[in-house]
1. Hand me the list of strands (runs of 3 or more DSSP E) wholly inside the range A:111-215 holding 3 or more residues that are surrounded by fewer than 23 Cβ atoms within 10 Å (Cβ to Cβ).
2. Residues that are at pLDDT below 80 and in contact with an Asp or Glu (Cβ under 9 Å, 6 or more places away or on another chain), at least 1 per element: which strands (runs of 3 or more DSSP E) completely within the range A:604-719 meet that?
3. Residues in the range A:173-215 that are under 24 Å from residue A:256 (Cβ atoms), out of contact with any Pro (no Cβ under 6 Å at 6 or more places or on another chain) and among the polar types (S, T, N, Q): how many?
4. Could you tell me whether residue A:402 is surrounded by fewer than 19 Cβ atoms within 10 Å (Cβ to Cβ), in contact with a Phe, Trp or Tyr (Cβ under 7 Å, 6 or more places away or on another chain) and either among the β-branched types (Val, Ile, Thr) or within 22 Å of residue A:351 (Cβ to Cβ) (or both)?
5. Right, residue A:1018: closer than 30 Å to residue A:921 by Cβ and assigned to a helix (DSSP H, G or I) or not?
6. Please pick out the residue among A:1021, A:1017, A:1026 that is among the basic types (Lys, Arg), out of contact with any helix residue (DSSP H, G or I) (no Cβ under 6 Å at 6 or more places or on another chain), crowded, with 17+ Cβ neighbours inside 10 Å and not assigned by TED's automatic domain parsing to the domain that holds residue A:909.
7. Give the range A:422-446 a look and list any residue that's more than 25 Å from residue A:479 (Cβ to Cβ) and in contact with a helix residue (DSSP H, G or I) (Cβ under 6 Å, 6 or more places away or on another chain), or say none.
8. I'd like to verify a number: residues in the range A:362-393 that are closer than 29 Å to residue A:260 by Cβ and hydrophobic (A, V, I, L, M, F, W, C), how many?
Amino acid sequence: MPRKDDPAPARGGRSAKPKPATRADSPADASADAPATRQKPPATRIVAIGASAGGLEALELFFDAMRADSGVAFVIVQHLSPDFRSVMDELLARRTRMSIRAVTTGTAVEPNVIYLRPAQQTLIIQQGVFVLKQEDKKTHLNFPIDAFLKSLARDQKDRAIAVILSGTGTDGTLGAAAIRDAGGIVLAQDPTTARFDSMPRSLIERNLASASAPPNALPRLLLRVLSGEAPPFAEEASEHSWSVDPERQIIQLLQRRCGADFGYYKKSTVGRRIRRRAEMAHLDDLAAYVEKLKQEPEEIDLLSKDLLIGVTSFFRDADAFSALSEKALPKIMAAMSPRRPVRVWVPGCATGEEAYSIAILLKEYARKERMELNAKVFATDIFGPALERAGRGVYDDSIVKALGPDLVERYFDANGSQYQVKPGLRRFVVFSPHNLLKDPPFTRMDLVSCRNLLIYFDDIAQRMVLMLFHFALDRNGILFLGPSEAISELADEFGVIDQQWRIFRKLRDVRLRESFRLLPSPSLRDDPALHHEPRSPVIAVAAAKARSAPAQRGLTKAYDAILDRFAPAGVLVSRDGTIFHVFGDAHRYLSVREGRFSNLITGVAIEDLRHTIGAGLERMRGYNTVPFVRQVRCRLAGEDEKAFKVTVERLNGSDWQDEDYCMVTFAEVAPPKKVGRRARAVEAEIESVEAVELYRERIRDLENELRATEENLQATIEEMETTNEELQATNEELMSTNEELQSTNEELNSVNEELLTVSAEHQRKIDELVEVTLDMNHLLKSTDIGVIYLDHDLRVRRLTPAIADTFNLLEQDIGRPIEHITARFHQPELFSWIKDVLAGGPACEHEISTSDRAFLLRILPYQLGGETAGVVIALIDITRRKNAEIQLRASETRLSTIVETAVDAIVVVDERGIVQSFNTSAERIFGYAAAEAIGSNVSILMPKALGRAHDDYISAYLRTGVGKVIGTGREVEGRRKDGALVHLDLALTEWSVEGRRYFTGIMRDITGRKEREQHIRLIMRELSHRTKNVLSVVQAMAWQTSRTTSDSEGFQERLSRRIDGLGRSIDLLVRREWEGVDLEELVRDQLSPFFDDAGSHLVLTGPPLTLKPNGAQDLGLVLHELATNASKYGSLSVPTGRVVVGWTVTAAPVALFQMSWREEGGPRIAVPTHAGFGGTVIKDMLAKAHKAVVGMDFPPEGLVWRLELEAHRIVRDVPEPEQRTARP
Amino acid sequence: MNDDALQGFRILIVEDNALLALTVDSILRSAGADVVGPVGLLDEAEQLAASEPITAALLDIKLNDDEVWPVARILAVRRIPFVFCSGHFDRGSLPAEWDGCPILAKPARARQMIDALAAAIRGTG
């Protein structure tokens, strides 16, 4: 080893040869006292402490117990979060006077200093100097404890010491191995005391720990190590063996988690329930179950719930409650007054049924006696969740069976199948958490009802709890227990009211015990967390018994035998003389006397010994440990006087801790010589004769001295008596003051208890309120609806961020009056609206709008106890809704206008065929008012036959989706209200809204069009007939013309003229719709082609006359032929000629139509020599067809043609004969 | 057109148009027939049909406001053959009563009339 090159340690002028120095120092350290360190500064021993999760607690305990001047340097290596500022230095500073420093590189180790590793840095030590390295971020796992321990092992070799405390994982294990390899010492925290035991357990399992102990015991071990003692330390190891009985471990776990000490519960019950839970978890090994409990705290909760929840119900054992009501309540209630409530304590109330039962019992009693109930029922339980349920007071309907409908009705509010205790009953009951075995009791109770709880406790706890109840009760207070529970030992303190139902009365006020706190049960006794618990002697003895009982019973018996045989009779007493135990035949030295019993040895020892023992005990006061031994002569019952040796001895031992006990032993002193009775008598006689004189002289001296002393004494006594009287008076005053204080104190105590329970309730309420407030804040923050809460003065109390859209409001405006805030919309009435609501008006809604948005403003009263205490303004953005509404309305108006003004009927039916809408045109076409049609089946608009089929048609369509009509137009027949059929052009469309289908039919009335079409068809046919007739006539004309004309030109000329004439007749007929032709018109028309100015050439005389169509055609043809002849040969062939046409209809019996044609002013004529077609027409045609008489004369001045026929053949109707002259 | 297809037959002509009546009269005469009528009024036609000796008849169906059916029925009762001649009716639109009766469509040619009547008289119309 190149020692020269070793850098010198920074401090202490330490040798560069650590090894020899260590050896030399070890004995100095061994004394573990300051003088050693004063002599020469030894190389500082370095103790590395590795801790992780749960380590702080262990560190605190460790340093609490570690002296500050040990000369050791501590290096704490913890797992630290990189983001978390450790306050370890501050925390530890409260526990130790050693200075605490953070390590920096180059720091040299100093004694009595605690070094802390900074976060994110790897700490190692080299040659007694700290070195820090940045942690390698690339590797996910860092093992700072291992790193430091390894460097420590290298640096300090066998002087290295490591302490591994609570923590998860296995960091430290490898480092510990390195230290052990180097010959160093490794101490581990006892895993059962570690909050997280994985780190220390890992060491122990690998046999790396030199020793293990609870953290507060580790310093002691450490000092022993420093003093050179090498582990293992047998007694420590065995005392803190980490492998313990699993049931005990479970009880420790339960205690730590929920505070209940199940060590005092009946072992069989607890064991059974633990095993049941283990079985439910499919673990048959309790050790495995312990592991499960350690990993799953919830399982501990479930187990504790299993253990704590008992069976309970309302008025369990109804007879017991009636006995209570009849035998105990009258007295309790009689003492009740408005200032003095009845006080009841229900410990172990579980889910509250018993407590409410008692409250109901009291209420019922008060109701019957017409009293105002003033009571407080304190219901307590250790199990929080049960209390919570009890506090809610909600039960299922099984209570109806237990309580009967009357009580349920009176004390519960039904809510479905649930029943909640009414506030009127609830307010009498106060629930609060309370551990019967640990917490101080309630006091001044009139009644303690504790049914079926004691049965779960073991004997010690039962006795203790009963004493506690005794203490809690007022004199004459009632104790109400379960049917199988007894008061056993306290039978003297309680009077029996009802033996069957276990109702007892407290007889007298006496304090049975000083403390009602139980020690941790034996199962928890070595749980270091509980070590500071004080022990009371009784329990200590009992516990000692309990601890040793099973294993050492045999041994104890042997001891007893030995004691009986060899030990002197003795009595174990406290220093004030209270007897705890009597050994051997000590009873011989004791006698019980009449009068009040005393358990003081000075009260029960026989007369002759009393003073000696008293003197002995007196001597033992203070710190005297020398036994007091006196020889006394006395006479035991039924025996001669003998000499006895009385020894009073103080006992000290770990079991007794700081309390001192004394042992009083008696031993018979054997007579000095063994001689015969006679010899002894003679000897005595001689002795007495010799001594008598001596005695007498001595007596005289003594009597003189006595007299002087008596006188002295008398004076002193008188003095004393005066002083005593004064003291007496003072004492009495003090006593009364004390009593007053006592009672005040008790009152304060009870008030305090009540306050505590009330405060617990308030705390719960506060928690609820906090939760509700958080919920509400989140709601307010996240909602899009702008909300403002205003108080009665219109100040802003709360608002949501969304309100900023419309009011210029921000969080900081809370508290300002709303009137100071400007809104982004102009609404002068806003404040009057708000004030109306505030004045008690109803909630109101208004629509308001800013330039580009619309809002629904809702103002609601904020009700508080029926009063309007403010208003809530909600602003809901309805811009989109509003726009949509406007668009919708516009579109609706547009459509409805179209529908209403449409010429076509528009009818909407639903899928059952029921008419939904019916427009004006539909009303007009069908004759139904819209109101009549809407709601009727559409078949009313159809011909009967079609209507019947319509429903089937619709349903078939809806079923199959196959329809012929949808989407296509077609002609159909409709039925009007009056039954008339109308022709309709129907277009049908289908649409659906919200899954319901509708059909719109658009129908146009085409009846008129149909009629016109019919008419046209008729006219066309008629036209065809007429045409054919006219063609027949033309054909006849052609035939006739061709017969009488030889040349084609003449034929053409004549035929066309005749057709022209025919055309004129037809024109006239058409003009009069083929009904007939006015005769005068016919004449003028037929003659018009033959002259330009008819006025001067034509004279017409005759009445107005209408000819039948055929007659008009026939006569027209005749007139045409006459005019043709006249224009060729007669008067119309010269400009001066004229024609006179006259006609008349003669009167009945047979009306005759007479007509004449006379030509005047023409050339002279002669009788024609041959007759052509014209002649035939003129002369024969009418004669043949109409049986007419035709006359023709040919005077030279012009042709005269006459016609006479029965008027009806050609005349439509015969008018009154009326002479008429054609106008010139 | 002077033939003797209707020589010796008495033919009743019912026709309300005078020119047509005159023309048909001429045509039938030229075919050798003796003409009864022509007549244009229904009651006169019925009278002739019921009383005159007639071989056959040519009946215009529309007579002013009447139709010629009563005349046809009288003729049918008398087993006198007849031929309808009409611009209104054709074989298809003739009332069912007259199913199978010969009918000429107006305008009919002279030859058609003569042939139709001759055929009716022969009993093959």
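1. A:121-126, A:129-134
2. Numbers: elements: A:628-635, A:641-651, A:661-668.
Where strands (runs of 3 or more DSSP E) fall fully within the range A:604-719 and carry at least 1 residues being at pLDDT below 80 and in contact with an Asp or Glu (Cβ under 9 Å, 6 or more places away or on another chain), they are A:628-635, A:641-651.
3. Going through the range A:173-215 one residue at a time, the tally reaches 4.
4. Details: surrounded by fewer than 19 Cβ atoms within 10 Å (Cβ to Cβ): yes; in contact with a Phe, Trp or Tyr (Cβ under 7 Å, 6 or more places away or on another chain): yes; either among the β-branched types (Val, Ile, Thr) or within 22 Å of residue A:351 (Cβ to Cβ) (or both): yes.
Yes, satisfied.
5. Details: closer than 30 Å to residue A:921 by Cβ: yes; assigned to a helix (DSSP H, G or I): yes.
For residue A:1018, the condition - closer than 30 Å to residue A:921 by Cβ and assigned to a helix (DSSP H, G or I) - is met.
6. A:1026
7. A:422
8. Taking the range A:362-393 as the starting set, the residues that turn out to be closer than 29 Å to residue A:260 by Cβ are A:375-393.
Next, only the ones that are hydrophobic (A, V, I, L, M, F, W, C) stay: A:375, A:377-379, A:382-383, A:386-387, A:390.
Here the count works out to 9.
The values are calculated or read from the model by the stated rules, or taken from the named source; none is laboratory data. Owing to the predicted nature of the structure, the values given are computational and were not obtained by experimental measurement. All Cβ positions, glycine included, derive from the backbone under ideal geometry; neighbour counts span all protein chains shown.
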